[in-house]
Structure formats: C-alpha cells, structure tokens
1. List the pairs whose first member sits in the stretch 493-512 and is of a type in the set (Val, Ile, Thr) and modelled with pLDDT of 90 or more, whose second member is assigned to a helix (DSSP H, G or I) and surrounded by fewer than 19 Cβ atoms within 10 Å (Cβ to Cβ), and whose Cβ atoms are under 6 Å apart, counting only residues at least 6 apart or on separate chains?
2. Going by what's in this entry, would residue 308 be described as modelled with pLDDT under 85 and closer than 24 Å to residue 263 by Cβ?
3. What are the pairs with Cβ atoms under 8 angstrom where one residue, in the stretch 376-404, is farther than 16 Å from residue 417 by Cβ and the other, located anywhere, is in a helix (DSSP H, G or I) and open to solvent by 60 Å² or more (accessible area, probe 1.4 Å)? Sequence gap at least six, or different chains.
4. Which of the following residues is part of a strand (DSSP E or B) and under 28 Å from the mean Cα position of the chain (by Cα): 283, 313?
5. Filter the stretch 490-513 down to the residues that are in a helix (DSSP H, G or I), open to solvent by 10 Å² or more (accessible area, probe 1.4 Å) and closer than 28 Å to residue 440 by Cα and list them by number.
6. Let me confirm something: among 261, 291, 243, 265, which residue is out of contact with any helix residue (DSSP H, G or I) (no Cβ under 6 Å at 6 or more places or on another chain), under 30 Å from residue 208 (Cβ atoms) and either modelled with pLDDT of 80 or more or small (Gly, Ala, Ser) (or both)?
7. Looking only at the stretch 373-389, count how many residues are surrounded by 12 or more Cβ atoms within 10 Å (Cβ to Cβ) and either at pLDDT below 80 or within 60 Å of the chain's Cα centre (by Cα) (or both).
8. Return the residue satisfying two criteria in turn: it lies in the stretch 226-238 and is hydrophobic (A, V, I, L, M, F, W, C) and under 26 Å from residue 11 (Cβ atoms), and of such residues it is surrounded by the fewest Cβ atoms within 10 Å (Cβ to Cβ).
Amino acid sequence: MRSIQWRIVFIYILLIIAAMSLVSVYLISQWHDYYIDTATDDLEFKGRLLLNQKLLYTDEATLMRAAGILGYEEDGGSNLILLDQDANAIGVYGNQTLGIEPGSNLLEHGPVADLWADAASEELFVGRYIRENIEYLTMAIPADGSVESASGEAKAVSAVLFIEPLTTVRGIISDIQRTLLNATGLAIAVVTVMGLALARTITQPIQEVTSKAEELADGNFNISIKVRSQDEIGRLAEVFNYLTGQLRKSLLDMANEKSKLEAILSYMSNGVIALDSAGRLLHINPRAKELLALQDAAGAETVLSALQLGTAHDVISSAPGTRDLQLAEPADMVLKAYIAPIKTTEEQQSGVVVVLQDMTEQTRLDQMRRDFVANVSHELRTPIHTIINYVETLMDGALQDQMVAGQFLTVVYEEADRMGRLVQDLLTLSAFDSKRETAKKSVVFMDELVVEVADRMVVAAKQSGLRLHTSLLDDIPPVMANRDQIEQVLVNIVSNAIKYTPQGGDVSVSIKLQGTEVQVQVRDSGIGIPKEDLPRIFERFYRVDKARSRQLGGTGLGLSIAQQIIDAHDGRMWIESEVGQGTLVAFALPAAEQGGEVHA
C-alpha cells in the first residue's frame, strides 16, 4: 500500500477487527456462561420439583410423566437413563445419540462415569460434559422403584440420569456470533468510508504540499499553500510557505549577486578563468577570451593550450603565485597570470582560478622609458662631450688662434643650441604628459597660417634645391586652436619634408575640408619611410635613419610633440609613406563656428 490514505484506512480496519474480536470473545464467553448457568438452574429447579412430588419412586409410567414435566421429546436429543446401584443401565429412553445401550455400565463411558461418581454422593447433582463437540447438561437424581428389563424380570432402580443437549444455547451463541460478525462487517464498511474521508483530510494537504514541492523543484518559486487548519498539517503548510518565501528571497539574492559578479567579470579589465578539480572549464570572461584570442565555444583543453601553463593537473596542483607569460598568438602579447585555489567551506580545494593581466602595454612603456632614458643620455652626452673637448682645446692655446677659436666657438654654440632645443622639447613633452600645458585658443584660419609658414620656409627650400608649393581652397572654415602651437606643428612637418627630400624634389602643402574637419597635408617626394618603421614614427627619439637625422640637427622629438599638440586640440595625425616614393604627413582639426576668442 503506497498511499498513506489506504494505510490509515487499513490501520482503522485492523483496529476494528481487533476490537470486535476481543469484544466478541468476551461477550460470547459471558453469554455462554450466562445461558449455561440459566439452563443449569432451570434443570436443577425441575429436578427438585420432581423430588418434592416424588415422581421418581414409582414405575416407568411415572418416569415418562417426569420426562414430560422436564419438556423432553423423543427426537429432541434428550436421554433418560435408569441405573441400578452398580451404575448399569437398566433402561434408556429418548434419543440414542450417546451410544449408551441397556445393560451397559456407565463407568465405561468416561465423562458420564465421573458424573455418576459425583451423583452418588449427593441427593441431586447437575453437571455438564461434552461429547463429539456437543455440550450436554446432566442431572442425576436418586430413585426408589423398579422397571421390567428386556428379559422380563423386574430390576431395582437406584438413580435416574437426565442428559439434555444444549442445542438451544448453541443456537443462541451462533446467532450472537453471526450478529457480531455482521456488526463487525458493518463497522468495517463504515470505518472504511469514514476512514477514507478522514484520511483524505490528512492526505489531501500532504498531496498539495507534495505537488507544490514538485513545482518548487521544477523552478517555480512563486507558489504558496492555503492554510486550512491550525493543526500539524496547517503548521506544515505555514512552514512550507515560509520556506518557499525564504528560498525565493535567497535565490533572488543569489541571482542578484551572480548578476553583479557576471557584470564585474564581463567588464573588468583582467581576464578570469576558473577550472574545477577535474580540470573542467567553469567560467571564462570575455576579457580572457580576448587576451587569448579564443572563440566563444572554446573548451578547457583549448584554454589550457593557449595559457601555456601545462596540463590541468599542473595548473590545479601548482602553488598559488604569479607567472609571466609570453604568448606567440596573439603576437608579442605579454601576460601576468595570478593563480589561486578555489576552496570549499571545509578547506578542500575544489578548483583553481587564473587571473590574467595584460602587461603588453606596460612592458612596451617600460621599454620605451628605458629607451627614452638611453636616448636622452646619448643625445646629451654627445654635445656635452663635444663642448668639453673643444673648450679644453681652446684652454690649451687654441684660443690664441682667432680663426680656429672662431670655428671652435661656433661648434660649441651649435652644440649648446642643440642641447637647448632638446631640453626645451623635453620640457614641452613633460608639460603635455602632466596635462600642465594649457593654451589660449582663438579662431585660426588655416589658409592664412599655411601661407605664412610657406613664406618663411621657402628660403630653406630654395637653399636645398627644392620647390615648395601650396594648394589652398576657398571657403575653408576656421578652427579653434592655439595659433603658435599649430604653427609649430606645421613648421616641424614642412621642415622634416625639406630635410629628407633630395635636391630637385618637391614639397607641397594643401588644405581641404573633409566633413567637419579641416585637413592639412604636407607631401614630399623624398626618400620615404620603410613600412616597418611607420608604427613607431611618433615614438620619442625614434629615427628611421639615426645618423642622417643627427647630422641634420634633429632631436627625434618633433613628431612626438606635434602629435601631442594635435591630440590636445581633439584632432588626429597620420603618416603615409613608401620608400623612394615620398611621404605624406597630415593632421586634421575640427572646424569651428565663427566667433571670438576662447580659453582652454
């Protein structure tokens, strides 16, 4: 029986059967004793009546009258046995079911012999005995008379034994048993119906709780159970509702925390990779995929292969710490991996988390810083060394030679001037790096500025054997800029074009309007820049041809300063070049509306 409802009904039925059985046994026993005692008293009363009327001291006819008084019938199962003083049956009257024949001795009939022994000591004795599952009531009365035996002779009668079957009592007991059985069956039927109804009041709320629990297991947390009572079942419903509410709140808090964590992991600048103790991939955020150049469906093996930290077992069993990674793909990617274990509340390691920090730009900046220091040291050491040498020569006597002294002093001046320009450029870059470079902006017409710069540089171009051209368009809108700084940028670009263009070449400066930008382009027919050098052309102190650049007096900072100035004006700057085909250096500034001066 799987159903609690039927189990409860079955228990009720067992209880009814047990109770009715005990009651039946008790009642039947009591009623049996009652009816036996009643029949015994009745038979004893009749026997004493016979004694008082002295109906058993005469002949056989008197005995028959006594049987009639007792209500015996020939087919009623009752027996009258006349006994002599030796307990021999002289005559047997009535139903012959006991197997006692005339002439047989009563002492040979077991229970009847015991009754005869008891009857011999009393005037009247009433007793019982059972034969073949039939209970008999017996009564022995002394007699003084005679009957004629089968042989025709008269024999003295010493006692009369009455044996009466208790069929009436058995019938009554059977009726009682039948009535109790029917009552038991009726009680079982009533209890079954009522038990089902009662059990349903218990099982229905349990079934409702079970159904709601299944919905809860399927992920539906917006459920509740109606509390219909204040008993244990009602308390169970209240606890279930409370549990559901707490679970819903806990899951909502967990979902919020998970959402926050996912948002943090998704948008953090570092890559995060989590593996379980079996080496399975638990989580990888978008930044980690970007750093390792992985696809969205990448598995644990692909991730470990890209990390280059060994197998999953190596990563999980490794001690917490950091690793420096130099990845071949993506090219020149430098990462720092922070490895930390994931532990349970029992301090058991359940996995490992790897945090990836992109150190590529930091490494590049560190290298640039080292290169910058080396370049500054070199750029300053050379002119200082030259100045010291020339001054020492002058101090040793060359000062007396006017022509040699003049040449030496010219070299000293040029080297000092180059150091001054270098220091000034470094100060300018430092001001831009620290955001301390603020400038007054005003409306600048770029076509006018280009004409001024071209007029100033035309002499230098002619001295180098070059042709300097300008190409200007009408209706070019002005820009909001610091005129001196933009002029410095333009002079630097045109000066570089003149320096690196062979004699007989051309340098052209043009202006055009591209969307909302005013673009200035300086194109030359010079030596050009190799393709591999273009990405680094704006780096500080970077020179394509170091010997030629130094010979021409460059510090290697001009383009870096120009780019800083253009960036400060919210513009952009770019270079296009091919070796032997010349170079295009251009910058673009946002066009401004007509207006007065503003300050930035």
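The values are calculated or read from the model by the stated rules, or taken from the named source; none is laboratory data. Note that the structure is a prediction, hence the values are computed from the model and not measured. FYI the Cβ positions are ideal-geometry reconstructions off the backbone, even for glycines, and counts take in every protein chain you see. Remember, those area values only see protein heavy atoms, side chains included, never the ligands or the DNA or RNA. Shrake-Rupley method; radii C 1.70, N 1.55, O 1.52, S 1.80 Å.
1. That search, which allows pairs on different chains as well, returns 498/460; 511/447.
2. On the way: modelled with pLDDT under 85: yes; closer than 24 Å to residue 263 by Cβ: no.
Here the answer is no, as residue 308 does not meet what is asked.
3. Pairs found: 394/409.
4. Details: 313 fails: part of a strand (DSSP E or B).
Just a single option satisfies the conditions, and that option is 283.
5. If the condition is that a residue be in a helix (DSSP H, G or I), open to solvent by 10 Å² or more (accessible area, probe 1.4 Å) and closer than 28 Å to residue 440 by Cα, then 491, 492, 495, 496 are the ones that fit.
6. Numbers: 261 fails: under 30 Å from residue 208 (Cβ atoms); 291 fails: under 30 Å from residue 208 (Cβ atoms); 265 fails: under 30 Å from residue 208 (Cβ atoms).
Within the list 261, 291, 243, 265, the selection yields 243.
7. Of the residues in that region, 7 qualify.
8. We begin by selecting, within the stretch 226-238, every residue hydrophobic (A, V, I, L, M, F, W, C); these are 227, 233, 236-237.
Next, only the ones that are under 26 Å from residue 11 (Cβ atoms) stay: 233, 236-237.
Numbers: 233: 20, 236: 15, 237: 21.
It comes out as 236.
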